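So the structure is just underneath, and the comments pick up after that.
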Amino acid sequence: MRRRAVLAALATAPLLTACESDGAEATGTLRIATGSPGAVYYRYGTAIAELARRYLPNVHASVLSTAASQINVDYLLEDTADVAFTQADIAAGNEANHPKQLAALARLYDDYIHVVVAANGPIASFGDLRGHRVSVGAQGSGTAITANRVLQVMNVTVERAQLGLDDSVKAMRAGQIDAFFFSGGLPVSAIGELAKEIPIRLLNLAESVQPLRHTYGNYYAERVVPASTYTGITATVAIGIANYLVVRPSMSEPLAYGVTRLLFEGRDELAKTHQAAARLNVRSAISTPPLPLHPGAIRYYRAQKA
């Protein structure tokens, strides 16, 4: 009962104020590696930076717009960023190649792999992509890595274009590509805007989930994109991948604690920017395999169990 009471209180807790010692202890820079301005990482990261400016008075927060997951991790490793959004499968790959160089603050929400096609076009199933011009995502993005894995396990060969989300939308609108992949939390605003302009369809990806899990690990799951998500679509099975907020283990404990606390106590404020932020909860946030939690994040989570 005590745990339930603490978690219930957390959901409605007021934001920490600048005069509180935990906020004042945090110092340094907070360069947040995000993603495309048309996607969730950027909006979520921008909102975190705004809260940090208000409630962590000795921290200089800024936002980096990037190609997303993989380049975000690269930025962390080369000290170009201090905190980064990344997919669980990308984090796992980097942990295998660069062990103990990443730590997590939280599991945030699930991404959904979208494969977007024109509703009135010839592509009705994943196999129909064969031979068509398809954007698999920007170089350095989690979308590109996961898209290539899906194509591989499904044995589908396409004419690849490497475009980010915004450029993929423009290219589809202009008829320059036949389909595009994108990994993002629901709803992805750029896809929503496209659906209002031209009829679109999301391809069903159910058949790819088990081959992905078998080949690359249990970071993938079936997730349904509800019909209400985008104009004109039907409910469709997508591939779900957890998202983590990650840092270097060398980040100071007060700063890691302060950012983790911002995520939870600022959750309602963050959710005004994108509803994905509302999906954060303590029970799932601590599950970040194969990455360890940062000691500052552990201190925050332990305090919620007191």
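Quick notes on this structure:
- Residue list for segment 65-86, filter: outside any loop (DSSP other than H, G, I, E, B) and either out of contact with any Phe, Trp or Tyr (no Cβ under 8 Å at 6 or more places or on another chain) or open to solvent by 10 Å² or more (accessible area, probe 1.4 Å) (or both): Gln70, Ile71, Val73, Asp74, Tyr75, Leu76, Leu77, Val83
- Of the numbered criteria (1) surrounded by fewer than 23 Cβ atoms within 10 Å (Cβ to Cβ); (2) touching a His at 6+ places or on another chain (Cβ under 7 Å), the one Leu105 fails is (1).
- Output for segment 124-165, where each listed residue is part of a loop (DSSP other than H, G, I, E, B) and touching a Lys or Arg at 6+ places or on another chain (Cβ under 8 Å): Ala124, Val136, Val156, Thr157, Val158
- Out of Val237, Val209, Val225, Val246, sole residue that is modelled with pLDDT of 95 or more, touching a Phe, Trp or Tyr at 6+ places or on another chain (Cβ under 9 Å) and over 27 Å from Ala47 (Cβ atoms): Val209
- Filter pass, Leu194 being under 23 Å from Ala81 (Cα atoms), touching a residue at least 40 places away in the same chain (Cβ under 8 Å) and of a type in the set (A, V, I, L, M): no
- Entirely in segment 174-280, the helices (runs of 4 or more DSSP H) that have 1 or more residues that are touching a strand residue (DSSP E or B) at 6+ places or on another chain (Cβ under 7 Å): 189-197, 206-216, 253-265
- Exactly one residue among Ser36, Ser62 is of a type in the set (S, T, N, Q), in contact with a helix residue (DSSP H, G or I) (Cβ under 7 Å, 6 or more places away or on another chain) and not in a strand (DSSP E or B), and that residue is Ser36.
The values are calculated or read from the model by the stated rules, or taken from the named source; none is laboratory data. Given the structure is predicted, the values throughout are model-derived calculations rather than measurements. Don't worry about glycine lacking a Cβ; one is built from the backbone with ideal geometry, like all the others, and counts go over all protein chains shown. With ligands, DNA and RNA removed, areas are computed over all heavy atoms of the protein, side chains included. Shrake-Rupley method; radii C 1.70, N 1.55, O 1.52, S 1.80 Å.
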